[in-house]
Each structure stands twice: as structure tokens, then as C-alpha cells.
Amino acid sequence: MKLTKLSSALLGICIFTHSSVVTVNAETAVPYKNETSYSEQQVEELLAQLTLEEKITLLAGGDAFSTAAIERLGIPSIVFSDGPAGVRDLGSDPTLAYPVGIALGSTWNTELVNQVSAAIGRDARARKVDLMLAPAVNIQRTPLAGRNFEQFSEDPYLSGKLGAAYVVGLQSEGVGSSAKHFVGNEQELERGRGSSNIGERALRELYLKPFEIMLEESNPWTFMAAYNRVNGTYMTEHDYLLNDVLRGEWGYDGVIMSDWGALHSSVSAINGGLTLEMPGPGKFFDAKLAEAVKHWQVEESVIDEAARRLLRLAFRTGKFGKTTESVGLKALEDNRDIALKAAEESIVLLKNDQRVLPLNTKVLRSVAVIGPNANIALTGGGGSSKVVPTDIVSPLESLREQLPQNVTVTYAKGVDNDKSPPPAEGNYFSTDKARKIVGLSADYFANPDFSGQPEITKQDTWFEKKGFGREVYFKNPSFSVKWTGYFWPEVDGEYEFAAHGHGNTSLFVDGKAIYGANVDDKEWENLQDKPSKKVYLTAGKPVPIEMRYTKSAKTWPIFYFNVRTPAGAIEDAVAAAKNADVALVFVGSSRTSETEGHDRSDMTLFGQQNALVEAVVKANPNTIVVLNSGGPVSLPWDEKVPTLLQAWFSGEEGSHALTNVLLGKTNPSGKLPLTFPKRIEDNPTYIHYSGGRDANYGEGVFVGYRYYDKKNIEPLYPFGHGLSYTDFAFSDLSASVDTASGTVSVSVKVKNTGRVAGQEVVQVYVGDNEARLVPRPENELRAFDKISLAPGETKSVSFSLTKRDFAYFDVHQHDWVTESGSYRISIGSSSRNLPVSTSVSIQ
Ligand code: BGC
């Protein structure tokens, strides 16, 4: 359903302080105007003009999401926004939601990732954002990690290549990036104080590797030091990793900022290599640093070096003397096509045993659309990366739009997959009784009691609101908002409603009071079970909704409105499946189950979802299951289901992308960027992951497919796997070593042997045939290329491998070592389907 917009005002991103909107425009005071290219001499000249206090001012945020400006010298404030799946608007205003990291990882398409991030860069510029806190390149080590969905892959090479492509795209638009979270932040459990204990070899070969590749290929303007400790030391004060490795060995000259609130010291952090404390105002990088300089705990040269890095960043933004120009909404609309393409290429066809896909609409007459995720748009995961989408379309709506008129579509939810009522879906509401405008109408008053004319009236489709209301906040920090409109029940049954906020909140459904309370911030956090009420409603009969919220001057504006729709019954889903040619079942994570801040407790689909799939496939053998998740889930019914797709959380074009794949308008080309194990117990981290203080990376370098291969454990779906509607054949692998340069030239032929055009990812793995010195993984991804082939077409694909591609990190020499001997080079379409292989001798 397309949204009709009442208001699309674009406003600055940080609302509760004025410093982010400082406009530095006094021509005379501005020494370097709009320069993105600059010289180190300019940096030094500027540095020489700063007092010690001013230098220290630069080293902590001016507010929650921007750096401090020094107006005297025209040094601008630099505005940040989260990432990575689009520009997160802190005022809960919509921006285009792109596929999340793992979905981009599944595209295995560097060029496309580059286009996505360039589009995000344009969105950022339109919102006056100078730097995106993205990309995230931590390794998907345990399937349970709450932020797996934000990261690209379990493989460091794939992560590094895609990360570099992301940074290049973003920075090509003049918007900075932040390589995060440096390093060892592979779980949420105890992320703020726990220590990731990682051996030197695994650290180098796996966890540092994506950052190293990114730095080599793209030079991110900033790095973000993670919350966690590594081997006992907080990353924000890790002298070895920040000073010796990142700045020393790798020669990084940019800003190293802290993750939000990750600082624990002043002296150790600045001496340890950190440059910027976030958020601001600083708690550690403040007057304490001046004191520390006075007492010789910190050399002034250390402060100079940090300030120098902030000045470089200011130059790189090209912002001296001006605020960033807006690119206008037209350009942003073009970005939707890129979001769609990325979503399409992210979808992984895990199996298509009976070739039911693509659906043949010439003979198809009826489809049963089933499951808890069928009629919601799962655009992203939870936490700081959450983007409020501009347009919400569920798979059910998209199928109804695109299937021919003569195909009957029935819908049954069957079961629920939410522990508590999920955030209300905007498309269940309309502002008017004719259902012309989606969402609720919101009146914002610059007073606490809804009196007089509203300052602004707008349409609202997103009801997880944090830090909202900037339209009225600056006029009166105690503002009020009233939402009105209609709720449209899809089916008969009990609907569970809840509305809560920091402040005075009330909710009326069909004129009846559902909830009313005045709660301050502290009480709200402690409110364990947020109260909700069930109301019986009839399908197609709209009921009026009214919500009121008053923010007191002291509270932080937070307002949530949640609705759980009736699950119905598995029997209804079975009946729908029985009467249809094809049953499409949408299961997986809900809007609330994968998020920053918490790991998952297991890999099991929540509630009765497995029972639903089993019952539907029994009723209709033409069952297609679509999974939404940000990582692997266990699929006990896998053998019984002939057709399975992994659709991740793929942004606001995700439902259209899926329909295009189901109907064969797009040939799927996504490949798993991680392994789906059969059971959580098969995963190498299973015996190491605990609730303790330490995250022990005891599996060393044997993470993901490196482990399953070594232990000869059959995964459910291997790393790199993904089918197409056509077939590909690999042949003529040749490899030759150039002893002088140490490079190995590899080439292979790939043919499309099927009847439709398609894309294949040519994956190159290297394995040490002898491995006399240390245990090595059987195969490691060292190169890949995504190619398009017309039916019958053959292409020759070439790669160049370097000495480092055959090396391991030696913990005695603290260096990369390539053992002389025989190495296997295998090429194919997944880590477990490598039809061509050859060996080379490396001396
Ligand atoms: C997250 C970062 C994010 C930052 C700012 C932190 O909690 O770990 O990824 O960029 O918040 O929102």
C-alpha cells in the first residue's frame, strides 16, 4: 500500500541541543572553505591556532550525534547518524530503509553494495548528515548474536570486500563512514564489560581482517572502538590494537571514536589511541584531560595528534564555512530502485526440489498466504540501526498487487511469533474513514494540554517513537501529541492493544479507554509487564482510535503503541492451504525478536511456527516456506518442505523483491554469507558461549564453515549456497604461479546450462594440502566474482591470488607466514559445491 504523505519536512537530526545546527558562515573567519582536498600543512596551520582547551573541546561530541564546533576558526560541527541500513532519524521521521547487513552480505555483489551505500550517502546529505556510523563488519561467530543481522558475513574476506565497497560508495558522495565495531564485538551478552578473549592468530586471520581490507581499499574516515574488552583491556583504551596495529602497522590517520558510552577513562583512553569520545558532552575527554596534561600523565603531543585527526575529518567533510547541501527528494526516489535491486539479490533460494518456483501464473488459480510474517513488513532489526521506513508493504499486499486478477489469494495467520504485542503496523490504520490515507493523523501542540491550534499536523505510520517531537520541543519541552484515525481489522477476533510512554499517555479504542497512566522515566523502565487490553473486533469494520501523549519538561520523549492481531488457528491455515494450488508460509523472527542489546536464547522459531509449517505442508505438498531472520534458525521440518527461501530483513522494498522472485520476474542469485547448522550444538561456539564475564573464542580460527569442514559436520545449508532458476557448469580451471611476484593467476570457465538468464557467484577457495606447521582450515574463501550469463553463454573468469592468500598468522614470529608446499585451489558455487579443483606449488 503506497503511503500518501501529509508532510515531508526534513529537519536536522539532533533535536535536544542546538549545537548540531550551528551554521558556520562568517566568510572572514573561515580559513578553508568547502575543501575536501586539503594538505597536512593546512591541518598544522589550523592546529597551531587552537588553544589546549579548544583542542580538548574537539575530542568529545558537541551533543549526542555530532562533534563540537569551534566557531572562532570556522571549524564545523560534524553530524553523525546510524547506519548501516539507511539513515536513522532520531526524531522517528521516515527515511528509505535498505536491506540490513546480512542481506547485503547475501548479494555477494560489491558493485551493488557500492550503489546502496552511495544512495544512503545521498539520503544522508539530504538530511544534513555528514557521517554515517556504518558499516558493521564484525564476524557472525555465534548464531545467537543479537546483531548478526547488521553484519555481512561469518567470513572475513567477504566482510572486508563488502565493507570496503560500502565505504567507497558512501564516501564518494562526500559522506564519511565509520568502520565498526573495532574489534571483537561478536555478541551482545555483557558487551559493555565482558572481555572477548581471542588468540592472536584468530584475531589477525578473522576478526581484524575485514577492518584491514577496508582500510587498504577504502580508508574509512573514522573507526569506532567497540564496547567490549579484548583480552582484558577495553577497546577504547587498547594501546596495542589502536596504537600499534591500527595506527602504527596499518598507518591509519583518521578518527577513532568510542562507541556510545564505551569510555571508562580519560588518561588510558587518550594514551591508548582513542581520538573522540561519543556521545557528547564528554565525561572523560573534558577538563580532566587538561589536568592530565598539567600533571604529565598525558603529553600535549598526544592531544595534538588527536585534534589533528579531528581537523582532518572536518576537512574531509568539505564543511568548512557551510552546512551540507541538500540533494532534494527526486534523487532520493531514485534510490528506491537500488533498494529493490539489493533486496532482490539478497534473497537466497535454499531449495526448489520440485521446481515449483517460479510460480507459473498461466496455470496458477489460487494461493494461500499463511503465517505470522505474511502481513507485516519486516524491514530491519532492532536497536540503533532501526530505520523508520517511508513506505510499508507486506508480502501479502505485494502479492495481491502483482498476482493476476484470476488468482484467488486467501490469508490465514495461523500462529503468532511475538512474545508481547508488537509495534503497531501503520498499514492497519487510516486517517480517514474512506481509508484513503494510511496511518494516523498526528496533531503536535506546543503546550502540555492539547489546547489551541496544533503547531503541526502530520500523518504517522510508525509507532515506536524515541526522541520525537522536535517540531514542538524547541517551543516548549512539555509538548503534547494527539493521534486520531481508524483501525482496520483483517479478520474477526481479539486484538490486543497497548500504548505506553514516558509521560502521560492514554489510549481509546472505539471510544473506550484502554490505558491511561502518567509514568516518569524511571518507573517506565521498571514497568515489567506493560499492561495491554484485548478487544473483540470484526473483519473489515473500522474502529476509531485516539491516543494522547503529554511529555513533561523532564522526561525523555518515548511513546510506543503496540497491537497484536489475532493469530487465528492452525486449522484455518490448513483449510486455506488445502483449498489452494500453492501455500506460501511466512515464518521466522518477528519485529521484536532480533535486536541490539540482547542475544537470542536459541535458534528455535518462536511459538507454534514449526507446528504450523508441518501442518501446512501435510495439507498441501506445494508448500513454499519463506524465512525472515537475521541469522540461522533451526528448521526441523526441512526435509518435508520442498521449497524454501531465506528473505532476511530486506528493507522497505523487501516484499516487492520477494514477489518478483516468486513470480520469476527476477532470477534469485543470493548466496548464504554464513552457515545454517542443523543444530545449535553443531556450532563451534556452542561450548564456549556462556553467561560469564568472558567471551572465550576457544574455537580459534575454526569459525563457521572453517569448522564444519574441518570436523566433517554436515551443515543444513552451507556457506555460499544459493540456487537459481537456471543451472551453471564450471570447467577449465587453470592456475599458474609467478615465482617472481608470488602471485597465482587463476581462471575458470562458467556456463549457463539452463534456459533463463541468471547470475552466479564464482567462489574461489584455497586449502593447504600439507599444513605441516599449524592446523589450517580445509578451505578458505580468497576471491569471488558475481557474473551474469545469458542461457547457453560461457564466460571465462580470472582471479589473481597473492602470497598472503596462502599465509597463516604465526604467533611466534607475530607475522604472516606462507609455508612452502602444495596448495589446493577449488572453485564452485558454494563452500560445499566445488566441482573444479587444482593444486599449485608455492615456494
Ligand atoms: C551502537 C553503535 C551505534 C551507536 C550510536 C551504540 O549502541 O553499538 O553501533 O552506532 O550506539 O547509536
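Pairs exceeding a 31 Å alpha-carbon distance, out of Lys386/Lys711; Lys482/Lys541; Lys362/Lys795; Lys180/Lys351; Lys665/Lys786; Lys55/Lys180: Lys386/Lys711; Lys362/Lys795; Lys180/Lys351.
Our estimate of slack between Lys419 and His688, defined as 0.36 nm per intervening residue step minus the Cα-Cα distance, is 94.1 nm. Note on the chain: dipole from Cβ charges, positive end direction compared against Val762, Gly722, Ala287; the farthest Cα belongs to Gly722. Using the Cβ-Cβ distance between Gln297 and Arg201 with R0 = 30 Å, the FRET efficiency computed as 1/(1 + (r/R0)^6) comes to roughly 0.30. For segment 343-390, trypsin sites (Lys or Arg not before Pro) are listed when DSSP marks them as loop and at most 12 other Cβ atoms sit within 10 Å of their Cβ; the list is Arg355, Lys362, Arg365.
Testing the spin-label approximation: label points 7 Å from Cα along Cα→Cβ at Ala48 and Ala611. State their distance in nm. Modelled inter-label distance: 7.7 nm.
Rounded to 0.05, the FRET efficiency of the Lys554 and Asp432 pair, given R0 = 41 Å and the Cβ-Cβ distance, is 0.70.
Might you tell me the accessible area per residue for segment 726-842, computed with a 1.4 Å probe and given in Å²? Show your work: numbers first, answer last.
Numbers: 5060 Å² over 117 residues.
Accessible area per residue, segment 726-842: 43 Å².
The value of relative contact order for the chain, using C-alpha pairs under 8 Å at least six residues apart, is 15 percent. About the centre of its Cα atoms, the chain shows a dipole size close to 1820 debye [charges on the beta carbon of Lys, Arg (+1) and Asp, Glu (-1) only; nearest 20 debye]. Summary of the geometry: segment 676-736 and segment 440-456, compared by the centres of their Cα atoms, lie 55 Å apart.
Farthest toward the positive end of the dipole of the chain, out of Ser66, Ser195, Tyr240, is the Cα of Ser66, where the dipole comes from beta carbon charges about the Cα centre.
Relative contact order, percent, of segment 726-842 when contacts are C-alpha pairs under 8 Å separated by at least 6 residues? Intermediate values should be presented prior to the final figure.
Numbers: 270 pairs, mean separation 35.4, N = 117.
In percent, rounded to a whole number, it is 30.
Computed about its Cα centre, the charge dipole of segment 365-433 is approximately 140 debye, with only Lys, Arg, Asp and Glu carrying charge at their Cβ. Projecting the alpha carbon convex hull of the chain along each direction and taking the average yields 35.0 nm².
Please give the peptides 123-129, 829-835 ranked by average Cβ packing (other Cβ atoms within 10 Å per residue), highest first, as a rough proxy for protection. All intermediate terms of the calculation are to be shown ahead of the outcome.
Details: 123-129: 23.7, 829-835: 19.3.
Final packing ranking: 123-129, 829-835.
All C-alpha to C-alpha distances of segment 726-842, sorted into 5 Å bins beginning at zero, yield P(r) values of 2, 11, 22, 21, 16, 11, 7, 5, 3, 1, 0 percent in whole numbers. Where only DSSP H runs of four or more residues are counted, the chain gives -6000 deg cm²/dmol as its mean residue ellipticity at 222 nm, each run worth -39500 (n - 2.57).
Cα-based Rg of segment 268-423 per 2.2 N^0.38 Å, rounded to two decimals?
Numbers: Rg = 26.8 Å, N = 156, 2.2 N^0.38 = 15.0 Å.
Normalised by 2.2 N^0.38 Å, the Cα Rg of segment 268-423 equals 1.79.
Can you find, among Ser268, Pro421, Ala85, the residue sitting farthest towards the positive end of the charge dipole of the chain, where Lys and Arg contribute +1 and Asp and Glu -1 at Cβ? Ranked along the dipole, the leading option is Pro421. In the chain, carbon and sulfur make up what percent of the accessible area (probe 1.4 Å)? Accessible surface attributable to carbon and sulfur in the chain totals 48 percent.
The values are calculated or read from the model by the stated rules, or taken from the named source; none is laboratory data. Since the model is a prediction, treat every value here as computed from it, not as a measurement. Using ideal geometry, Cβ is built from the backbone for each residue, glycine included, and neighbour counts are taken over all protein chains shown. For accessibility, only protein heavy atoms count, side chains too; no ligands or nucleic acids. Shrake-Rupley method; radii C 1.70, N 1.55, O 1.52, S 1.80 Å.
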